[in-house]
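Note sheet for the following structure.
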Amino acid sequence: MSAALVASVLPADAVELGRVQDAWGIKGWVRIQPHSADTDALFASQDWYLQPPEARFARGFSAFKGCVAVRVTELKVHADGLVARFEGVDDRTLAESLKGCRISLPRSAFPEPEEGEYYWVDLIGLRVVNREGEDLGVVRDLMSTGPTSVLVLEYLETVDGEERAAERMIPFVAAYIDDVDRATRRITADWQKDY
C-alpha cells in the first residue's frame, strides 16, 4: 500500500457518494463518478474515505484492503463528472490502481441543507404516517422521476392470513408531504392507505 493511502476506520455515519472511475492524465488525478447530481458534500470535505470495489467488481484490485483515508488537494468539475487529486498520489500508475474504489464521507461533514430540503440519506428509515395518524410504512428508498422524487415505503400487509412485505410510493412534494421531522424520525403525509 502506498504511503498516500492511510489505513483508517470507516466512520459510523459514512455515506457512499461516488466511485473512482479511472486515472485522469499523467499526474495522479482520478476521474470521479458521483452517485448524485448534487456534489456539494464532495466539495465540502477534504478528507475522503476509500473502500475497495464490491467483490463482483474487485477482480485484480490490490491497492489496499479495508478502508483508507485520503486528503483531497484539488477537486473540480470536468465534462459530466468530477476530477480529483489526492495528496501523495502523484503518478498515473497509483491513480490507476484506485479504479473502482468507493468514496464515502461522514454524514456529519455534509453541508447543512437549505430549509425544506433534505438529503436522501436522512429520509431513509423514517416512519411515514398520514394526517389521521395511520402508519403508512418506513422509507426504504427514494426514486428520482425527473422533476420530483418519490418515497418508496415498505410496510407489512396481510394477505390470506399471512403477513408479507409490500411497497407503497408517495411523491415527495409539498402537495402530499406535510412535515418531515428528523428529530422524531417521522414524516406526515396527506395520503391514505388505499391510494
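The values are calculated or read from the model by the stated rules, or taken from the named source; none is laboratory data. Since the structure is predicted, the reported quantities are computational estimates derived from the model, not experimental observations. Here the Cβ positions follow ideal geometry from the backbone for every residue, glycine too, while neighbour counts run over all protein chains shown.
Would you kindly identify the strands (runs of 3 or more DSSP E) lying entirely within the range 1-109 that contain at least 2 residues that are assigned by TED's automatic domain parsing to the domain that holds Ser149 and free of Cβ contacts under 8 Å to residues at least 40 places away in the same chain?
Details: elements: 14-24, 29-34, 47-51, 68-78, 81-86, 102-106.
Once the strands (runs of 3 or more DSSP E) in the range 1-109 are filtered for at least 2 residues that are assigned by TED's automatic domain parsing to the domain that holds Ser149 and free of Cβ contacts under 8 Å to residues at least 40 places away in the same chain, nothing remains.
Okay, residues lined up against (1) at pLDDT 95 or above; (2) touching a Ser or Thr at 6+ places or on another chain (Cβ under 6 Å); (3) polar (S, T, N, Q):
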{"site": "Thr39", "(1), (2), (3)": "no, no, yes"}
{"site": "Gln46", "(1), (2), (3)": "no, no, yes"}
{"site": "Pro53", "(1), (2), (3)": "no, no, no"}
{"site": "Gly66", "(1), (2), (3)": "no, no, no"}
{"site": "Val72", "(1), (2), (3)": "yes, no, no"}
{"site": "Gly81", "(1), (2), (3)": "no, no, no"}
{"site": "Gly88", "(1), (2), (3)": "no, no, no"}
{"site": "Ser108", "(1), (2), (3)": "no, no, yes"}
{"site": "Pro111", "(1), (2), (3)": "no, no, no"}
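Identify the residue in the range 145-195 that is of a type in the set (Ser, Thr, Tyr) and either over 26 Å from Ala37 (Cβ atoms) or surrounded by 14 or more Cβ atoms within 10 Å (Cβ to Cβ) (or both) and, among all such residues, is modelled with the lowest pLDDT.
Filtering first and then ranking leaves Tyr195.
List every residue pair whose Cβ atoms sit under 8 Å apart, with the two residues 6 or more apart in sequence or on different chains, where the first one lies in the range 125-142 and is in contact (Cβ under 8 Å) with a residue 40 or more places away in the chain and the second, anywhere, is surrounded by 12 or more Cβ atoms within 10 Å (Cβ to Cβ) and among the polar types (S, T, N, Q).
Matching pairs, first to second residue: Val128/Thr188; Val129/Thr188; Asn130/Thr188; Arg131/Thr188; Leu136/Asn130.
Among the residues of the range 123-141, is any over 20 Å from Asp194 (Cβ atoms), surrounded by 13 or more Cβ atoms within 10 Å (Cβ to Cβ) and modelled with pLDDT under 90?
Checked against the condition, which is being over 20 Å from Asp194 (Cβ atoms), surrounded by 13 or more Cβ atoms within 10 Å (Cβ to Cβ) and modelled with pLDDT under 90, the range 123-141 yields no hits at all.
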